[in-house]
Amino acid sequence: MKTVLAIETSCDETGIAYVRHTDGGDYISLANALHSQIDAHAPYGGVFPMLAKREHGSNLVGLLAAAQVKALANKVSFENVSFTEEQITTALAHLEREQELMEICKKELEENPEGVFHKKPDIDALVVTAGPGLEPALWVGISFVKALSVLWNIPILPVNHMEGHIASVLLSKKEEVVFPALALLISGGHTELVSISTWGQYEVIGKTRDDAVGEAYDKAARILGLPYPGGPAISKEAEMMRNTFTKADIEAMCVKYSIKLPRPMLKSQDMDFSFSGLKTAVLYLVRDIMKVINIVGAEELPEEILNLICYEFEEAVVDVITGKLNFAYAHNRNIKTLIVAGGVIANSYIRTHIDAWCEDKEIFCFKPEFDLATDNAVMIGLAGLLGIERDLPYVEDFSKLIARGGWKIDEVY
Ligand code: KG4
Ligand code: ZN
């Protein structure tokens with residue numbers, strides 16, 4: 001049995017989790033404390049890195065305490081510990097670049113001898129996202145894990161955020177993933193196709209050349225005047241159209257208003273994506289429609305037209321995704337499993353199409369549980385457990401544990 005405490009701060013979710021691999025081979029989440037910063041970033045229409053950093057700093061200790069309560073309830077044992085002056089000084093020195101977090105930790109250590117730091121968990125490792133992601137945000141988790149490691153004398157394993165997304169499916173299925181597998185990672189920061197020969201053996205075979213699919217949702221939503229994050233906002237309008245009208249009716253309406261969006265790189269004969277053109281096409285479409293509307297005095301995009309654009313946007317995304325899956329499959333018919341992960345997989349329309357695609361090709365489809373689709377620390381813990389199983393080395397020299405914003409899944413840390 002192995003148990004880890006995992007920390008995720010790569011983007012706009014702050015997460016702390018306790019995750020276990022049991023002797024029976026099951027992966028279980030013992031505690032999942034998560035704080036979403038969506039409301040803080042919404043006014044900016046996207047994630048603002050320095051704000052993300054500040055939010056992580058102010059939330060980590062509270063989340064550590066919340067995770068501890070949940071872990072205790074799930075029978076993780078904790079030992080009461082006290083610290084030497086030197087341990088405290090060294091731990092706080094690791095937090096020097098995170099002033100607010102350092103102040104919170106210092107206060108907690110000095111004023112709360114019964115508090116969260118003075119209870120050392122009985123775990124095998126501390127796991128932290130070291131990349132890819134926003135470096136100022138990644139650094140918060142990395143500095144914090146170093147401080148915890150000094151206080152508790154527990155080793156650290158750095159984890160790749162994208163492997164975390166892939167590993168998120170381990171919790172949802174009892175069956176083993178059958179290899180070779182293909183992973184489709186679709187999030188706000190990434191759009192990648194990864195070939196997986198076994199756990200830990202990854203090769204990126206396709207990626208976006210510009211915007212990620214979630215990013216395109218977010219940017220298109222902004223153009224359309226819809227709230228951040230754009231994915232749920234656009235998909236809500238698109239779903240409403242699908243539930244209200246037949247496909248033929250919607251298509252006729254799209255023809256009536258000349259609403260047609262491109263399917264970028266669909267025919268490019270490779271596994272790369274490009275979504276920035278889709279967003280730009282939305283911009284031009286809205287501009288052209290507004291020109292016509294302005295003649296008759298309207299100031300806003302009529303709701304019907306806005307909904308049709310959302311519908312067409314989602315159709316374009318589904319066409320590109322399934323088209324690229326077809327291309328990847330045509331070049332490797334050996335694939336036994338498709339793993340789909342990342343925030344965009346919270347989209348039920350995309351989920352349905354991917355399910356149908358897998359059924360048609362007769363391959364297993366693994367998707368994370370709904371609440372593990374977006375960023376969280378449980379998936380980081382799962383990737384950490386996979387790393388421990390394949391004997392990845394723990395960090396020995398803390399100065400070498402740094403944020404790697406562009407860390408690719410097929411590169412060694
Ligand atoms: O994986 P994630 O939480 O963060 C990154 O690592 O990027 O993904 C967030 C992205 C955002 O761009 C958001 O708009 C998108 O996932 N998203 C969705 C949906 N829910 C979240 N996109 C489409 N449909 C959704 N229902
Ligand atoms: Zn992510």
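No lab work stands behind these numbers, since they all come straight from the coordinates. No experiment lies behind these values; they were computed from the predicted model shown. Cβ atoms come from the backbone with ideal geometry, glycine included; neighbour counts cover every protein chain shown.
Points to keep in mind about this one:
- Projected-area mean, segment 65-188, by convex hull of Cα positions, square nanometres: 9.5
- Span-like helix criteria (full DSSP H runs; alpha carbon extent of at least 24 Å along the helix axis; mean Kyte-Doolittle hydropathy of at least 1.0) are satisfied in the chain by 135-152.
- Cross-link partners for Lys367 among the lysines, with Cα-Cα distance under 16 Å and sequence neighbours closer than 8 places in the same chain left out: Lys173, Lys174, Lys336.
- Computed from the C-beta positions of Asp360 and Glu396, the FRET efficiency with R₀ = 41 Å rounds to 0.25.
- Taking each DSSP H run with n ≥ 4 as -39500 (n - 2.57) and averaging over every residue of the chain yields -14500 deg cm²/dmol at 222 nm.
- Its Cα gyration tensor gives the chain an equivalent ellipsoid; the semi-axes, largest first and in whole Å, are 41, 25, 17.
- Packing around the peptides 218-231, 21-34, taken as the average count of other Cβ atoms within 10 Å per residue, puts them in this order, highest first: 218-231, 21-34.
- Spatially proximal lysines relative to Lys260 (Cα-Cα < 21 Å; intrachain offsets below 8 disregarded): Lys219, Lys236, Lys247, Lys279, Lys291, Lys324
- Highest average packing first - 210-216, 264-270, 99-105, 9-15, Cβ atoms within 10 Å: 9-15, 210-216, 99-105, 264-270
- Both the radius of gyration and Dmax for segment 61-119 are 12.2, 35 Å, in that order, over alpha-carbon atoms.
- Cα-only radius of gyration and Dmax that characterise segment 162-312, units Å: 18.6, 61
- Taking a straight Cα-Cα cut-off under 16 Å and skipping sequence neighbours fewer than 8 places away in the same chain, the aspartates and glutamates within cross-link reach of Lys107 are Glu85, Glu96, Glu98.
- Equivalent ellipsoid, segment 16-104 (semi-axes from 5 times Cα gyration tensor eigenvalues, Å): 27, 23, 10
- Around the Cα centre of the chain, unit charges on the Cβ atoms of Lys, Arg, Asp and Glu (plus for the first two, minus for the last two) sum to a dipole of about 680 debye.
- Overall dimensions of segment 124-174 as given by Cα atoms, namely Rg and Dmax in Å: 12.5, 37
- Computed over segment 192-269: relative contact order in percent, which uses C-alpha pairs under 8 Å that are six or more apart: 14
- If R0 equals 41 Å, the separation of the Cβ atoms of Lys256 and Ser276 corresponds to a calculated FRET efficiency of about 0.90.
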